[in-house]
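Report on the following structure.
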Amino acid sequence: MDFEVWAPAASSLAVRLNGDEHALARDEGGFWRGEAPARHGDDYWVVVDGVERPDPASRWQPDGVRGPSRVLDTAQFDLEPVRPALEELVLYELHVGTFTQEGTLDAAIRHLGALAELGVTAVEVMPIATFPGTRGWGYDGLYTSAPHEAYGGPEAFARFVDAAHDEGLGVVLDVVYNHVGPGNETLRAFGPYFTDRHETFWGDALDYSQRAVREWAIQNAELWVRDYGVDGLRLDAVHAVFDDSPHHVLAELTERVRAIEPRTLLTAEMETGDLRPIEEWGHDAQWADELHHELHVLLTEEREGYYADYGSVEGLAEQLRRKPAERLIVCSQNHDQVGNRAVGDRPATDELRLRAAVLLFAPQTPLLFMGEEYGERRPFQFFTDHIDPSIAEATREGRRREFEFSGDVPDPQARSTFEASKLDRSQPDEELRAFYRELLDLRRELPREIEVEVDGSHLRARRGHAELHADFDTKTVEVRR
């Protein structure tokens, strides 16, 4: 098996496999190359200047971020993509660890048929890259090509993708290229992955002026599409992916992924008002949080922070008119808008029908958050399992400071915070679920064009033969055909 590792500052590099060490030779561009008799399932270390470290491009970390890497032969996966069309896209965001009581990919499979029956066309899976500990949102991954072992690891993810495709569902995977989680000393030992020319809210910015760092991200995207047959990627917080080169790394990523499969869906999370993903980088769609903000403030009158500029019926009407509609992803709930609240609380029950109707009548591409279709009442809280005590305490303290005026916030490191966030399907609101199903059936009949009128607190929208009537004073809604 051929090995290639980027470690420009190393003076020696080897692969340790089955007790034997196989030296790699320095080549151009800071790469080290060589062969070792590795087979699928073999554990190995990369030895950098005498220190054993996991492979920064590891595809399998069965013992977590501090254990050896394991060879994975992805040729065993024979996965045919579904490739749902953008015009028909209905996304359903889920977090593997809290979607079921078991918190695994295999357990999630049994619920896929119900999502297809509801009218969902693709599941959007929050990040599965290996991160410290066993529980977390996934945005602090360290080994971005290795599906998290607590969820079942690489083979379980392949089974999940295959099962989704059997139900006619696409799989969109959430990937993070704006930062790497805390505890990334191993990655730093291999090369200058980071830069101080830019800053992100979550950690040091990745240095995409380095060709090898660009390849680290782009080849990761290629892996999911080529080897796991995922139908699309959701790129997290791309406003924090900094690249000063003439050809932005995310535009290059788009081209490389499309060369493997031209129909791959590429979507992005971007700050409001910035349309670079769809206007410059070739992405199919991007998150458009403005509709959520208008709808949320109208219903709750919460106007703190970034909500201050939202909350008018006219503003909501303007969002419903936005074009290109199919390239703007809208929601009523998502992991951020629920989970980044002090206690991760869901919207009030008297808002749910109105929220659903506005979201699914909108001509933009809808995204549902797990559980909203039946009125899930459990929260989705911020939880972590950092194995470094100093990082764990810093995370606790940061959460306390962020919500110091909101009273007690759940300890993100406590297992109880994670357990409290698991879906509880024992008392579903079947009328609400039927309402979602009815609305999703209806939207497939309707043209993309919309007419919207505002009269005080009342909003009227028309698409084809259907009309939406929403009253934000009484929080009532009616869909007429």
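A few comments on the model shown:
- Of the residues GLU449, GLU373, GLU453, the single one that is touching a residue at least 12 places away in the same chain (Cβ under 8 Å), in contact with a Phe, Trp or Tyr (Cβ under 6 Å, 6 or more places away or on another chain) and of a type in the set (Asp, Glu) is GLU373.
- The number of residues in segment 211-234 that are in contact with a strand residue (DSSP E or B) (Cβ under 7 Å, 6 or more places away or on another chain), open to solvent by less than 10 Å² (accessible area, probe 1.4 Å), of a type outside the set (Phe, Trp, Tyr) and in contact (Cβ under 8 Å) with a residue 24 or more places away in the chain comes to 8.
- Failed condition for TYR436, given (1) at pLDDT 95 or above; (2) of a type outside the set (Gly, Ala, Ser); (3) open to solvent by 40 Å² or more (accessible area, probe 1.4 Å): (3)
- Residue within segment 138-146 that is within 16 Å of GLU93 (Cα to Cα) and buried (at least 23 other Cβ atoms within 10 Å of the Cβ) present: yes
- Test: residue in segment 188-200 that is polar (S, T, N, Q) and open to solvent by 20 Å² or more (accessible area, probe 1.4 Å): yes
- Test set (1) within 22 Å of the chain's Cα centre (by Cα); (2) open to solvent by less than 30 Å² (accessible area, probe 1.4 Å); (3) not acidic (Asp, Glu) - LEU442 fails condition number: (1)
- Restricting ARG353, ARG341 to residues that are over 22 Å from GLU445 (Cβ atoms) and open to solvent by 10 Å² or more (accessible area, probe 1.4 Å) narrows the list to ARG341.
- Counting only strands (runs of 3 or more DSSP E) wholly contained in segment 1-57, the ones carrying 1 or more residues that are among the β-branched types (Val, Ile, Thr), modelled with pLDDT of 95 or more and within 32 Å of the chain's Cα centre (by Cα) occupy 2-6, 43-48.
- Subset of segment 75-120 (residues that are in a loop (DSSP other than H, G, I, E, B), touching a Ser or Thr at 6+ places or on another chain (Cβ under 6 Å) and either more than 16 Å from HIS165 (Cβ to Cβ) or among the β-branched types (Val, Ile, Thr) (or both)): VAL90
- Checking the stated criteria, ARG39 turns out to be surrounded by fewer than 18 Cβ atoms within 10 Å (Cβ to Cβ) and farther than 30 Å from GLN333 by Cα.
- The set of residues from segment 241-268 being more than 18 Å from GLY229 (Cβ to Cβ), assigned to a loop (DSSP other than H, G, I, E, B) and touching a Lys or Arg at 6+ places or on another chain (Cβ under 7 Å) is empty.
- Filtered residues of segment 275-301 (kept if hydrophobic (A, V, I, L, M, F, W, C) and part of a strand (DSSP E or B)): ALA285, TRP287
- Hey, VAL161 modelled with pLDDT of 95 or more, closer than 27 Å to LEU206 by Cβ, out of contact with any Ser or Thr (no Cβ under 9 Å at 6 or more places or on another chain) and part of a helix (DSSP H, G or I) or not: yes
- Residue in segment 316-338 that is farther than 28 Å from ARG463 by Cα, surrounded by fewer than 23 Cβ atoms within 10 Å (Cβ to Cβ) and in contact with a helix residue (DSSP H, G or I) (Cβ under 7 Å, 6 or more places away or on another chain) present: no
- Test: residue in segment 253-261 that is acidic (Asp, Glu) and under 28 Å from PRO84 (Cβ atoms): yes
Okay, residues lined up against (1) of a type in the set (Phe, Trp, Tyr); (2) modelled with pLDDT of 95 or more:
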position	(1), (2)
ARG377	no, yes
PHE380	yes, yes
ARG401	no, no
GLY464	no, yes
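- Pairs meeting the criteria (first residue in segment 346-365 and within 20 Å of HIS465 (Cβ to Cβ) and in a loop (DSSP other than H, G, I, E, B), second residue of a type in the set (Val, Ile, Thr) and open to solvent by 10 Å² or more (accessible area, probe 1.4 Å), beta carbons under 6 Å, at least 6 apart or on different chains) are PRO363/ILE450.
- Across segment 366-418, the qualifying residues are those that are of a type in the set (S, T, N, Q) and part of a loop (DSSP other than H, G, I, E, B), and the one among them that is nearest to TYR139 (Cα to Cα) is THR384.
- Filter result for GLU271 (touching a residue at least 12 places away in the same chain (Cβ under 8 Å) and part of a loop (DSSP other than H, G, I, E, B)): yes
- Qualifying residue in segment 242-250 (condition: within 27 Å of GLU88 (Cα to Cα), open to solvent by 20 Å² or more (accessible area, probe 1.4 Å) and in contact with a helix residue (DSSP H, G or I) (Cβ under 9 Å, 6 or more places away or on another chain)): no
- The lone exception for PRO379 - which of (1) surrounded by fewer than 17 Cβ atoms within 10 Å (Cβ to Cβ); (2) under 19 Å from the mean Cα position of the chain (by Cα); (3) not hydrophobic (A, V, I, L, M, F, W, C) it fails: (1)
- Matching residues, segment 313-350, being within 30 Å of PHE418 (Cβ to Cβ) and charged (D, E, K, R): ASP336, ARG341, ASP345, ARG346, ASP350
The values are calculated or read from the model by the stated rules, or taken from the named source; none is laboratory data. Remember, predicted model here, so these are calculated numbers, not experimental data. When we count neighbours, we look across all protein chains shown, and the Cβ atoms used for this are built from the backbone with ideal geometry, even at glycine. When the accessible area is computed, the model is the full protein with side chains, heavy atoms only, and any ligands, DNA or RNA have been set aside. Shrake-Rupley method; radii C 1.70, N 1.55, O 1.52, S 1.80 Å.
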